[in-house]
Every structure is written in structure tokens, then in C-alpha cells.
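The values are calculated or read from the model by the stated rules, or taken from the named source; none is laboratory data. Just so you know, these numbers come straight off a predicted model, no measurement behind them. Positions of Cβ are generated from backbone atoms using ideal geometry, with glycine treated the same way; all protein chains shown enter the neighbour counts.
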Ligand code: GLY
């Protein structure tokens with residue numbers, strides 16, 4: 001049995017879903033292939049920080065991610081509003097800003113360096129003394145040393161976004177096929193011709209988008225057309241305050257983790273960063289470190305209830321920058337390697353991929 005479409009998208013996380021939706025809106029016929037259930041992998045575990053300023057890293061790769069991150073952060077309000085208008089579902093965009101907090105002298109020195117770095121890039125980041133930081137977030141321990149406020153770094157609730165994207169894909173007419181693992185990407189000479197499923201079924205496609213995240217390397221691509229994407233494990237806790245919201249308002253980041261308030265008394269506490277292949281087991285050590293570090297900073301978390309412990313695999317390239325656009329073979333389009341930034345970069349990735357698919361833009 002064989003099917004034929006303009007575009008086959010491999011991977012049904014936030015990147016695959018966003019690309020599918022946009023490509024369909026651009027008039028292409030799209031089949032999305034997900035090995036398990038859409039939006040149940042790494043995207044489902046993600047905290048949802050839209051934080052290009054707080055997360056910027058030194059070096060050329062850091063600058064590239066910053067550039068993409070700022071562009072995509074700027075697109076999020078409209079992307080979210082469009083999804084909400086199309087589906088009637090909320091995406092949980094919260095414009096709260098982010099605080100990066102130093103707990104001791106060493107961390108304060110490092111934060112001063114980070115402030116200078118952001119200033120040199122023209123980014124909006126304010127230096128806050130402990131009293132000012134605690135005015136914004138009274139739950140912070142009185143012993144903090146310094147804080148950096150990034151007022152334009154916000155958050156969304158990825159689980160709400162995924163639900164809205166699923167519905168939007170359905171409304172737009174994307175053929176979404178779950179529990180449909182892809183065995184190989186097919187080619188004829190230098191040209192992609194489609195994919196073969198593990199069931200043996202073949203889907204002919206003019207173009208194939210690889211959005212399989214941490215499973216990209218398992219797709220059986222020829223060596224000349226493959227990109228090394230490794231899984232980077234993250235353990236993450238979901239906490240709930242039985243007394244309701246109010247402990248924290250802003251996203252709070254610290255050495256070793258972050259706390260993301262959802263605004264309704266729920267908090268996401270993440271995340272470990274571990275090189276352990278596809279290992280998905282949570283560990284006592286990982287959870288201990290997250291709780292210890294967060295508790296040092298926000299002692300009030302000890303009253304929160306643990307609602308969920310989950311593990312995600314970030315898809316990461318050797319320099320941790322994403323691969324978005326054409327490459328390797330004619331008709332092959334990359335949308336992977338988003339590392340810690342998949343939620344942030346979803347709107348921009350969808351635009352870049354769709355421009356590539358429709359031939360309306362040549363990517364550099
Ligand atoms: N984006 C946060 C993380 O990967 O933990």
C-alpha cells in the first residue's frame with residue numbers, strides 16, 4: 001500500500017506539529033508521522049520558558065541561538081494568539097519576566113559577568129540588589145546575593161500549546177498518524193522520495209521534514225545526509241501549592257535549575273542536564289539535587305505537593321545549536337537539535353521550514 005503527499009513530517013512534538021500546521025496553511029498536503037502519541041515526548045515534559053535573554057551563552061553558538069531565540073520570542077504572542085483564536089484553547093502565555101538569582105559570592109561574581117555580557121549585546125537585563133529582588137519575589141530567601149531581571153523573558157504552558165496545536169492540525173487538515181514509526185527515509189539518487197514505515201507501508205512525499213528530536217539519529221539516513229543528534233536527559237518535577245497561587249510570580253532561575261510558576265499554584269521545577277543516552281529513568285540523586293537547590297533559594301517550596309516526576313530527552317547537536325532548513329539531499333528539510341529551546345523556537349522553526357518547503361526563502 002502506498003500514499004502520496006507533498007510533505008511527510010517525521011515527529012509529532014511541538015516542532016513537528018507547528019511545522020505541519022504552518023505547511024498546511026501554506027497550501028501543502030501534509031502527513032505527520034509520530035512513533036507514539038503526538039505531544040507526549042520531550043515537549044510534554046518541557047517547562048515552557050521563553051527566555052532568550054536569561055539563557056544566552058558565551059561564544060558563537062550562543063550568539064546564534066540568541067538570534068534565533070529573540071526572533072522566535074517576538075513571534076510567540078501572535079503565534080499563541082492565532083492558535084487560541086483558531087481552536088478556542090488557551091496556550092498559557094504568561095508575561096512575567098524572569099529573575100536569575102545568585103545564592104553566594106561565587107554565583108554573584110558570575111552573575112556580574114553575565115550582566116556585563118548581556119549589556120555588551122544590547123539586551124535588556126537589570127541588576128537587582130537582594131532587597132529589590134525580594135520586593136519582586138518575597139519568597140526568595142533573605143540570604144540571596146544578587147539578581148538579574150530579564151523583564152521580557154516569559155513562559156507558556158507547553159501542554160496547553162500541544163493540545164491547541166493538535167487541534168489546529170486537525171482543523172487545517174493535516175493527516176496525523178500516531179503509533180506510526182518510520183523505518184527509513186527513501187531516496188532516488190540525490191533526491192528524497194518518501195519514507196517507509198516500520199509496518200512496511202510506503203509514503204511517497206515530495207519533501208520530508210525531520211522533526212524527530214532525540215530520535216533523529218535512529219531514522220536510518222545515509223551518512224552523507226545525517227546530523228549527529230544526541231539525547232540530553234532532563235529530570236523535571238511538577239509541584240502544586242494546595243493553598244493556591246502566590247508563592248512565586250516570575251520565572252526564577254538559579255545555578256542548576258529553574259522554577260516556572262503557572263499562575264494557578266502549580267510550579268515546574270527543572271531540570272537536570274545529563275548525558276545518558278536514551279535512559280529515561282528518574283533517579284533519587286537527580287530529584288534530590290533539584291529539590292535541594294530550589295529549597296535553598298525558595299524555602300517555601302517545602303510546603304508544595306509533588307504532582308509529577310518526569311524525564312525528557314532534549315535533542316542536541318555537537319554545538320547545541322538547532323538545525324533548521326534544507327540539507328543533505330534534495331527534498332530533505334531539517335527541524336531538529338533544539339536542545340533546551342524547542343518550545344521557544346517553535347514559531348520561528350515553523351516559519352523557516354514552511355518557507356523552505358514552499359521555496360519562498362533561501363536560508364543562509
Ligand atoms: N529549557 C529548559 C531545559 O531544557 O531544561
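For residue 272, the stated conditions hold: it is part of a loop (DSSP other than H, G, I, E, B), within 13 Å of the ligand (Cβ to nearest atom) and in contact with a helix residue (DSSP H, G or I) (Cβ under 9 Å, 6 or more places away or on another chain).
Quick check: anything in segment 66-79 without any contact (Cβ under 8 Å) to a residue 12 or more places away in the chain and closer than 17 Å to residue 314 by Cα? No.
Would you mind stating whether residue 78 is buried (at least 16 other Cβ atoms within 10 Å of the Cβ) and at pLDDT 95 or above? Outline the logic, then answer.
Working: buried (at least 16 other Cβ atoms within 10 Å of the Cβ): no; at pLDDT 95 or above: yes.
When the stated conditions are applied, residue 78 does not pass them.
Consider segment 327-343. How many of its residues are buried (at least 17 other Cβ atoms within 10 Å of the Cβ) and farther than 22 Å from residue 73 by Cα? Before you say what the answer is, go through the steps one by one.
If we filter segment 327-343 for residues that are buried (at least 17 other Cβ atoms within 10 Å of the Cβ), which is where we start, we get 328-329, 331-343.
From the residues that got through so far, the ones that are farther than 22 Å from residue 73 by Cα too are 328-329, 331-333.
Final tally of qualifying residues: 5.
Does residue 62 fit the bill of being within 16 Å of the ligand (Cβ to nearest atom), modelled with pLDDT of 95 or more and touching a helix residue (DSSP H, G or I) at 6+ places or on another chain (Cβ under 6 Å)? Taking the combined requirement at face value, the residue does not satisfy it. The one condition from (1) surrounded by 17 or more Cβ atoms within 10 Å (Cβ to Cβ); (2) under 22 Å from the mean Cα position of the chain (by Cα); (3) modelled with pLDDT under 95 that residue 290 does not meet is (3).
Among the residues of segment 339-364, those that are under 27 Å from residue 204 (Cα atoms) and in contact with a strand residue (DSSP E or B) (Cβ under 6 Å, 6 or more places away or on another chain) comprise 349, 352, 353, 356, 357, 363. Restricting 236, 227, 203 to those that are part of a loop (DSSP other than H, G, I, E, B), crowded, with 16+ Cβ neighbours inside 10 Å and in contact (Cβ under 8 Å) with a residue 24 or more places away in the chain reduces the list to 227. So, residue 18, is that one more than 16 Å from the ligand (Cβ to nearest atom) and within 14 Å of residue 156 (Cβ to Cβ) or not? Criteria met by residue 18. Total residues in segment 80-125 satisfying the condition of being more than 24 Å from residue 137 (Cα to Cα) and in contact (Cβ under 8 Å) with a residue 12 or more places away in the chain: the figure is 10. Pull up segment 304-325, narrow it to residues that are within 30 Å of residue 246 (Cβ to Cβ) and part of a strand (DSSP E or B), then point me to the one that is nearest to the ligand (Cβ to nearest atom). Among them, the one singled out is 312. Against the list (1) under 29 Å from residue 296 (Cβ atoms); (2) within 16 Å of the ligand (Cβ to nearest atom); (3) crowded, with 22+ Cβ neighbours inside 10 Å, the condition residue 44 fails is (3). Scanning segment 248-264 for residues that are away from the ligand (no atom under 13 Å from the Cβ), over 16 Å from residue 157 (Cα atoms) and surrounded by fewer than 21 Cβ atoms within 10 Å (Cβ to Cβ) turns up at least one hit.
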